[in-house]
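Input: a single structure, listed below in structure tokens.
The values are calculated or read from the model by the stated rules, or taken from the named source; none is laboratory data. If you're wondering where the values come from, they're calculated on a predicted model, not measured in any experiment. When we count neighbours, we look across all protein chains shown, and the Cβ atoms used for this are built from the backbone with ideal geometry, even at glycine. Just so you know, the surface numbers come from the protein's heavy atoms only, side chains and all, with ligands and any DNA or RNA stripped out. Shrake-Rupley method; radii C 1.70, N 1.55, O 1.52, S 1.80 Å.
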Amino acid sequence: KESSAASDVYKRQIIMSDKSNNTNHSPDSLNEIPSVDWLDLEHNRDKFFKDLRYALEECGFLILTNAPGFEDEFQQRAFSEVRKFFDSPMDFKKESSLENSPYVRGYSSPRPPELGRAQVIESFQYGFDEEPLYAHDDESQSIHERFFRGPNTWPDSERLPGFKPTLNDLNTAYHRLTLKLGELIVESLGEDPAEFRQYFNLDEPYLFASLNHNFSMDAIVADRRDLIRDEYAKFSSAVTGAHIDGPPFVALLINDRPGLQVVAGEGQWMNAPVTCRTAEGDYNVPVVPGSVVVNTGGSLMHLSEGRYSATVHRVNTTMIPDGDTRISMPYFLLPTMQGDLVPFGKSGASTNDDVGYNAGRNRGANAAANLMRTYPKLTGRWWEKEFAALKTAQQQEEKAETEAAFKLAAERGDRYQEKLSGS
């Protein structure tokens, strides 16, 4: 969640947002999410790195076109299988409930829309199928070893025979792409790509992946809809769920309807493209088949010493066509959990207030508590004691990182204003 303290840092960005011209695509203005073409790696490597650095330094989000493993045919299959699951009866979906397992795997039903939330969403969490490293209640082991590594909670394969194999293919494609892209990101910083492999590898895949099913405004209680629209019209609101992704290095995402928005450039909310068209009609945002949306997380913000800042983003329910729904499939790769994150090219850990990172942080506990807070029913059944012990530190660390991200984004906006004024 976006912190109110952090949003104060961004007040001058609201003014920039009001003044920005969304039709201006000059080099001195960033009004759409930059794109990076994977094929340039082979045909024009210098251009690839120039585009990558620009996107991550000045936006924090990018559209990776021609992403390997994410061709339109595969994305069409993935969205088809995922929609079959979410279109299934609720009793069937609840058979694979997230609450059945301590390992954050399975289905999570929508929170009651009458609470006036800006989003009504159901989800399914998954990862690599693994045997648990330790019993979830073995307190002699680190929390992250008990929390992140375990088996998936799959729905009945006879009723949905394509669901599990498709998600396994998706998870593999995401993981391969993230490991390749991660090394390229380190190289774009002018550092040895081998440093990436100190924190990320095939043998210890700390990650979480999600299937998200967002409903349109007609799922919101009627007498709260105008209030929700008013909240989205504001630049900063505690209701709309604007946030950064703190624990991950980067997040990858494919989506089949509009809704994702990003703060960057002069400080306006920018609409992200759709990566796969699965319905007729006007999407009101570009559709870029075979692409993947990439954004920076808090771990990369620290490892790059703020050169690549985590970026604030949200899902805007008002952009989903009435009577329709939106599917997104985000994937978050986390660094190995042991020890401090030492910035690329550095020799030792240190506290870095510019990116909200304190040396000695229990990163595994932070990442676990982040998800525990997101899924309170699972936490209440399996992790109530652990979350009670971890939540205060996690909230403080999240606040520090979010404030740092807002500050870096405000500085980025100032650079644009200087360019536009010719100073």
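With respect to Ala55, determine if the residue is open to solvent by less than 50 Å² (accessible area, probe 1.4 Å), assigned to a helix (DSSP H, G or I), among the hydrophobic types (A, V, I, L, M, F, W, C) and modelled with pLDDT under 50. Taking the combined requirement at face value, the residue does not satisfy it. Please work out if Leu133 is open to solvent by less than 60 Å² (accessible area, probe 1.4 Å), outside any helix (DSSP H, G or I) and either out of contact with any Gly (no Cβ under 7 Å at 6 or more places or on another chain) or hydroxyl-bearing (Ser, Thr, Tyr) (or both). Answer is no for this residue.
Of the residues examined, Glu145 is not one that is modelled with pLDDT under 95, in a helix (DSSP H, G or I) and within 28 Å of Asp91 (Cβ to Cβ).
Take the conditions open to solvent by 10 Å² or more (accessible area, probe 1.4 Å), out of contact with any His (no Cβ under 7 Å at 6 or more places or on another chain), in contact (Cβ under 8 Å) with a residue 12 or more places away in the chain and among the charged types (D, E, K, R) and apply them to Asp414. Does it pass? Can you show your working first?
On the way: open to solvent by 10 Å² or more (accessible area, probe 1.4 Å): yes; out of contact with any His (no Cβ under 7 Å at 6 or more places or on another chain): yes; in contact (Cβ under 8 Å) with a residue 12 or more places away in the chain: no; among the charged types (D, E, K, R): yes.
Spelling it out, it is not the case that Asp414 is open to solvent by 10 Å² or more (accessible area, probe 1.4 Å), out of contact with any His (no Cβ under 7 Å at 6 or more places or on another chain), in contact (Cβ under 8 Å) with a residue 12 or more places away in the chain and among the charged types (D, E, K, R).
Would you tally the residues in the range 148-167 being in contact (Cβ under 8 Å) with a residue 24 or more places away in the chain and not in a loop (DSSP other than H, G, I, E, B)? Residues meeting the conditions: 3. Of the residues in the range 36-52, at least one is in contact (Cβ under 8 Å) with a residue 24 or more places away in the chain, of a type outside the set (Phe, Trp, Tyr) and surrounded by fewer than 16 Cβ atoms within 10 Å (Cβ to Cβ). Taking first residues from the range 112-133 that are aliphatic (A, V, I, L, M) and partners that are part of a strand (DSSP E or B) and at pLDDT 90 or above, the Cβ contacts under 6 Å between residues at least 6 apart in sequence or on separate chains come to Val120/Phe215; Ile121/Asn212; Ile121/Asn214.
Looking across the range 190-227, the residues that are in a helix (DSSP H, G or I) and touching a helix residue (DSSP H, G or I) at 6+ places or on another chain (Cβ under 9 Å) come down to Pro193, Ala194, Glu195, Phe196, Arg197, Met217, Asp218, Ala219, Arg224, Arg225. Restricting attention to the range 351-377, the residues that are part of a strand (DSSP E or B) and under 21 Å from the mean Cα position of the chain (by Cα) add up to 1.
Exactly one residue among Gln119, Gln125 is within 29 Å of Cys276 (Cα to Cα) and assigned to a strand (DSSP E or B), and that residue is Gln125. Among residues of the range 273-291 being touching a Lys or Arg at 6+ places or on another chain (Cβ under 8 Å) and in a loop (DSSP other than H, G, I, E, B), the one that is nearest to Ala233 (Cα to Cα) is Tyr283. Cβ separations smaller than 8 Å between residues 6+ apart or across chains give the following pairs from the range 356-381 residues that are more than 18 Å from Arg149 (Cβ to Cβ) to residues that are of a type in the set (S, T, N, Q) and surrounded by fewer than 21 Cβ atoms within 10 Å (Cβ to Cβ): Tyr357/Thr351; Asn358/Thr351; Ala359/Ser350; Ala359/Thr351. Residue count for the range 238-268, restricted to those that are at pLDDT below 90 and not in a loop (DSSP other than H, G, I, E, B): 4.
Do we have Gly380 as at pLDDT 75 or above and not in a helix (DSSP H, G or I) here? Spelling it out, it is not the case that Gly380 is at pLDDT 75 or above and not in a helix (DSSP H, G or I).
Within the range 186-237, the residues that satisfy the criterion of being modelled with pLDDT of 90 or more, touching a Pro at 6+ places or on another chain (Cβ under 8 Å) and open to solvent by less than 40 Å² (accessible area, probe 1.4 Å) are Val186, Ala209, Ser210, Asn212, Ser216, Ala219, Ile220. Part of a loop (DSSP other than H, G, I, E, B) and in contact with a helix residue (DSSP H, G or I) (Cβ under 6 Å, 6 or more places away or on another chain) - does that describe any residue in the range 38-51? For the range 38-51, residues part of a loop (DSSP other than H, G, I, E, B) and in contact with a helix residue (DSSP H, G or I) (Cβ under 6 Å, 6 or more places away or on another chain): absent.
Here is the figure for the range 73-93: residues that are part of a loop (DSSP other than H, G, I, E, B) and open to solvent by less than 70 Å² (accessible area, probe 1.4 Å) total 1. Listed by first and then second residue, the pairs with beta-carbon distance under 6 Å, at least 6 apart or on different chains, first residue in the range 311-330 and touching a residue at least 24 places away in the same chain (Cβ under 8 Å), second part of a loop (DSSP other than H, G, I, E, B) and surrounded by fewer than 21 Cβ atoms within 10 Å (Cβ to Cβ), are Arg314/Gly241; Ile320/Ser216; Asp322/Ser216; Asp324/Ser216.
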